[in-house]
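Just so you know, all these numbers are worked out from the coordinates, no wet-lab data involved. Source: prediction; values computed, not measured. Cβ atoms come from the backbone with ideal geometry, glycine included; neighbour counts cover every protein chain shown.
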Amino acid sequence: MLFTQIEFFIFFIILIILLAISRQKNDQKIILVFASYYFYAYWDYRFLSLIMLTTITDYMVGLCLKSQNIIFYRRILLCISLFINLSILCFFKYYNFFIESLSGIFNLLNLSPGTLDLILPLGISFYTFKSISYSIDVFNKKIEPCTSFLDYALFVSFFPPLLAGPIVRASHLLPQLKTKIKITQNNILQGLRLFIFGLFLKVFIADRLGLFVDIFFENPNVFDSITTWIAVLSYSTQIYFDFAGYSSMAIGTAKMIGYDIEINFDFPYLSKSIVEFWRRWHISLSFWIRDYVYIPLGGNKLGKSRTYINLLVAMTICGLWHGAAWTFVFWGFYHGVLLMFNRIYSKTHKERPSSHQTNFTIFFNWLITITGVVIGWVFFRVDNLSYALVIIKKMFIPSPGIAWSHPFAIFIIISTLFFHIFVYFKKNRTEVLPLHAKHTIAALFCMAWLIIVFHPKGFHPFIYFQF
């Protein structure tokens, strides 16, 4: 079930009513668990077994870790959790990718393992990472094991962030599950505001940009350089609004129920370094990779060379997490290289704090950062690396071809630029649409009206559902 379907609105209204009239805390949790399972099963009920297996495995591992103090056995328990979770993830997401990638070696060995007709379960990367982080945190004694199976089942299956994040940490959500759900007017208004805003970003902006972007990327060879830039900037805007829109809807939906989920985006296109970009873009994944991959590898504590290797490994894994294709692997490696050079540059030049930098330096750093990010999105979007090189060549070497200045795309790109400028120079970094401001209601009404009147034709899934 998707946030953009009419079925979801019916489902959510019924859920809110049931939660509001339920008096007991456990009754509310049971309702919410079954609602979350129904939400997921609406797409394909067969994959509920995977969520349940993940839930049971890591819940039992957590309880065993609580009663086990011998480090050898604790490591075995953690390995059991990692093996089961990663085996499921790798089988469904990466089996065919590895078989096809290693086909040459298999041929030399006279082996012929065939590919399988597998369906990628929605949200598997998100709930797997969520549950793995719980097991690791319990192993490291950063959190206490959850002793309520109902609470843990709700933590893993909680439907707002289930399909495309944010990746919620157990330390953040599990304590909230101990209190009774209260459906309040303030929570409903705050959540509804976030939901409508996210729906507007997804349906009105991202989906309409996608109509132009998809046509360009089907055959980039036929378009000229200016159109190439417009298309690449359009995709950079599309993926931002698509994913930020989903995150906003997920956070808003959880808020209406009474739970707080941390933000997943913080104006990443205002970043003045690639490090800052990853602190603002897909925040839950960025910090997950930092805490559970980069730091365990040694982080920056083992010398410069090892630090650079750790960055490359962590970001390559980040790229592979996004999809089973060499374009995603290269995209992750590319960002690892950018982070490595950013670190080298910072150490060499010993940059002054941003408050002491000139406006030109700030602008130059932003321009270099955003250019690097936009180039990276080309690898993220294409199906093969050769297409990416063709597009990047057109971006920097004037090339003839069809000129297509898509009016809506240009309008959104310019509007996004000016909106970010407004946010950057806004002295008071409060919300753009404060809950009780008079203009908020008018703005939300206009967004809802535009969504209804100008909704795109056809079905447009969220981009991050494929991950």
What Kirkwood hydrodynamic radius, in Å, does segment 187-466 give when the mean of 1/r is taken over all pairs of distinct Cα atoms and then inverted?
-> 20.3
Per 5 Å bin from zero, what fraction in whole % of the C-alpha pairs of segment 181-339 is there, up to the bin with the longest pair?
-> 2, 9, 12, 15, 17, 16, 12, 9, 6, 2, 1, 0
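As an exercise, take the mean of 1/r over every pair of distinct alpha carbons in segment 243-327, invert it, and state the Kirkwood radius in angstroms. Could the numbers behind the result be given before it?
On the way: mean 1/r = 0.0691 Å⁻¹.
Hydrodynamic radius (Kirkwood, Cα only) of segment 243-327 equals 14.5 Å.
Taking other Cβ within 10 Å of each residue's Cβ, how do Phe72, Phe243, Phe11 sort, fewest first?
Working: Phe72 7, Phe243 23, Phe11 17.
The order, fewest Cβ neighbours first, is Phe72, Phe11, Phe243.
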Using modelled amide H (1.01 Å from N, peptide plane; none on Pro or chain starts), what sits under 5 Å from the amide H of Phe223, excluding residues fewer than 5 places away?
-> Ile402
Largest first and rounded to whole Å, the semi-axes √(5λ) derived from the alpha carbon gyration tensor of the chain read 34, 30, 24
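Can you compute the helix-only [θ] at 222 nm over the chain? Use -39500 (n - 2.57) per DSSP H run of at least 4 residues, normalise by all residues, nearest 500 deg cm²/dmol. Mind showing how you got there, number by number?
On the way: 19 runs with 306 residues, N = 467.
The helix-only estimate for the chain comes to -22000 deg cm²/dmol at 222 nm.
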Using the C-alpha atoms of segment 1-86, what convex hull volume per residue, in cubic angstrom, is computed?
-> 108
Could you list log10 I(q)/I(0) for segment 96-224 at q = 0.23 Å⁻¹, which the Debye formula gives when each Cα is one point scatterer?
-> -1.27
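Taking the Cβ of each residue in His172, His335 as the centre, tally the other Cβ atoms inside 10 Å and list the residues starting with the fewest.
Details: His172 15, His335 25.
With the fewest neighbours first, His172, His335 line up as His172, His335.
Could you please tell me the mean projected area of the C-alpha convex hull for segment 52-157, averaged over all directions and given in square nanometres to one decimal? Could the numbers behind the result be given before it?
Values: hull surface 32.5 nm².
Dividing the Cα hull surface by four gives the mean projection, 8.1 nm².
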Taking the C-alpha atoms of segment 6-183, how large are the radius of gyration and the largest Cα-Cα span, Dmax, in Å?
-> 18.9, 66
With all pairs of different alpha carbon atoms counted, what Kirkwood hydrodynamic radius in Å does segment 178-274 show?
-> 15.2
Where the Cα pairs of segment 251-300 fall when distances are cut into 5 Å bins, in % = 5, 20, 18, 19, 17, 13, 6, 3, 0
Where the centre of each part is set by its Cα atoms, how far does segment 128-202 sit from segment 25-55, in angstrom?
-> 14
For the residues Arg290, Arg193, what sequence is obtained by ranking on other C-beta atoms within 10 Å, fewest first?
-> Arg290, Arg193
Within the chain, which complete DSSP H helices have Cα atoms spanning at least 20 Å along the helix axis and a mean Kyte-Doolittle hydropathy of 1.6 or higher?
-> 6-21, 407-425, 438-453
